[in-house]
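The values are calculated or read from the model by the stated rules, or taken from the named source; none is laboratory data. Bear in mind that the values here come from a model prediction, so they are computed numbers and not experimental data. Neighbour counts are summed over all protein chains in view; Cβ atoms, including those assigned to glycine, are modelled from backbone coordinates with ideal geometry. Surface accessibility is based on the protein's heavy atoms, side chains included, excluding ligands, DNA and RNA. Shrake-Rupley method; radii C 1.70, N 1.55, O 1.52, S 1.80 Å.
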Amino acid sequence: MARKIVFPGSFDPITVGHVDLVNRALEIFDELVIAVGENSQKKGLYDLETRMDWLRDVFSDEPRVSVDSFEGLTAHYCEKVGAKFLLRGLRNASDFDYEKTISQLNHIVGHGLETVFLISAPEYSHISSTIVREIIKGGGDSSKFIPPQVKV
Ligand code: ADP
């Protein structure tokens, strides 16, 4: 059976750090679904459709990657699409502290759903969508941090 993993996140916008994580996960898994979480409480800088279009563009040459969106619990979404694994990245200790609890909860709520963590590559560990948004809002050059398909 194909090993399928879901990579959930905001991707507001996708960064080169996300791309690296996806490419590394594809060495381990057969299929990867990038699932953009819709959060009605938290409006992103870019709307959902724009974020999804960029993701599709970036991975247009990789048939094993698909892009979707979801509302509600990540664990329920994984059940819906038949994935037993979740992908998350770890850049530093604060990522770990946050992710540890979420992963333990997802294991219970998701009936054994396993979170697979990949440690960020050193050259990308300073990159986050939050920082990229700040650079964009401040009128700076964000091109080093985002894939070329993302036209901000
Ligand atoms: P969320 O709002 O759910 O944290 P993000 O889009 O910010 O969504 O991030 C999605 C996932 O990608 C998270 O697990 C995050 O740790 C990981 N990630 C983000 N940037 C990097 C990076 N530079 N290197 C490795 N992982 C990263």
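Can you tell me which residue within segment 115-136, out of those that are open to solvent by less than 90 Å² (accessible area, probe 1.4 Å) and within 26 Å of Lys84 (Cβ to Cβ), is nearest to the ligand (Cβ to nearest atom)? Break it down into steps so the answer makes sense when it comes.
Here is the first cut: in segment 115-136, the residues open to solvent by less than 90 Å² (accessible area, probe 1.4 Å) are 115-118, 120-121, 124-125, 127-133, 135-136.
Adding the requirement that they be within 26 Å of Lys84 (Cβ to Cβ) leaves 115-118, 120-121.
Values: Thr115: 9, Val116: 11, Phe117: 8, Leu118: 7, Ser120: 3, Ala121: 7 Å.
It comes out as Ser120.
Could you list all residues from segment 96-117 that are touching a strand residue (DSSP E or B) at 6+ places or on another chain (Cβ under 7 Å) and aromatic (Phe, Trp, Tyr)?
Those that are touching a strand residue (DSSP E or B) at 6+ places or on another chain (Cβ under 7 Å) and aromatic (Phe, Trp, Tyr): Phe96, Phe117.
Could you say whether any residue in segment 66-84 is among the basic types (Lys, Arg) and in contact (Cβ under 8 Å) with a residue 40 or more places away in the chain? Let's see the steps before the verdict.
As a first pass, look at segment 66-84 and keep what is among the basic types (Lys, Arg): 80, 84.
If we keep only those that are in contact (Cβ under 8 Å) with a residue 40 or more places away in the chain as well, we get 84.
So far as segment 66-84 goes, yes, one or more of its residues are among the basic types (Lys, Arg) and in contact (Cβ under 8 Å) with a residue 40 or more places away in the chain.
Answer with yes or no whether Ile102 is among the aliphatic types (A, V, I, L, M), touching a Leu at 6+ places or on another chain (Cβ under 7 Å) and within 13 Å of the ligand (Cβ to nearest atom).
On the way: among the aliphatic types (A, V, I, L, M): yes; touching a Leu at 6+ places or on another chain (Cβ under 7 Å): no; within 13 Å of the ligand (Cβ to nearest atom): yes.
Considered against the rule, which asks whether it is among the aliphatic types (A, V, I, L, M), touching a Leu at 6+ places or on another chain (Cβ under 7 Å) and within 13 Å of the ligand (Cβ to nearest atom), Ile102 comes out as no.
Go through segment 29-55 residue by residue and tally those that are aliphatic (A, V, I, L, M) and not in a helix (DSSP H, G or I).
Residues that pass the stated criteria total 6.
Residue-wise test of (1) open to solvent by 10 Å² or more (accessible area, probe 1.4 Å); (2) among the small types (Gly, Ala, Ser); (3) within 15 Å of the chain's Cα centre (by Cα).
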site	(1), (2), (3)
Ser40	yes, yes, no
Arg56	yes, no, yes
Ser66	yes, yes, yes
Phe70	yes, no, yes
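Among (1) over 23 Å from Gly110 (Cα atoms); (2) open to solvent by 10 Å² or more (accessible area, probe 1.4 Å), there is one condition Pro13 misses while meeting the rest; what is its number?
The number of the failed condition is (2).
Looking at segment 1-58, which of its residues are touching a Gly at 6+ places or on another chain (Cβ under 7 Å) and more than 15 Å from the ligand (Cβ to nearest atom)?
Correct list: Lys4 only.
Does segment 86-96 contain any residue that is touching a residue at least 40 places away in the same chain (Cβ under 8 Å) and over 18 Å from Asp12 (Cα atoms)?
Scanning segment 86-96 turns up at least one residue that is touching a residue at least 40 places away in the same chain (Cβ under 8 Å) and over 18 Å from Asp12 (Cα atoms).
Find all pairs meeting these conditions: Cβ atoms under 8 angstrom apart; at least six residues apart or on different chains; first residue within segment 117-130 and within 26 Å of Leu45 (Cα to Cα) and at pLDDT below 95; second residue within 6 Å of the ligand (Cβ to nearest atom) and open to solvent by 70 Å² or more (accessible area, probe 1.4 Å).
The qualifying pairs do not exist here.
Looking only at residues that are out of contact with any Cys (no Cβ under 7 Å at 6 or more places or on another chain) and not in a helix (DSSP H, G or I) in segment 93-114, which one is surrounded by the most Cβ atoms within 10 Å (Cβ to Cβ)? Steps first, please.
Step one: list which residues in segment 93-114 are out of contact with any Cys (no Cβ under 7 Å at 6 or more places or on another chain), which gives 93-109, 111-112, 114.
Next cut, not in a helix (DSSP H, G or I) only: 111-112, 114.
On the way: His111: 11, Gly112: 8, Glu114: 13.
Among those that are out of contact with any Cys (no Cβ under 7 Å at 6 or more places or on another chain) and not in a helix (DSSP H, G or I), it is Glu114.
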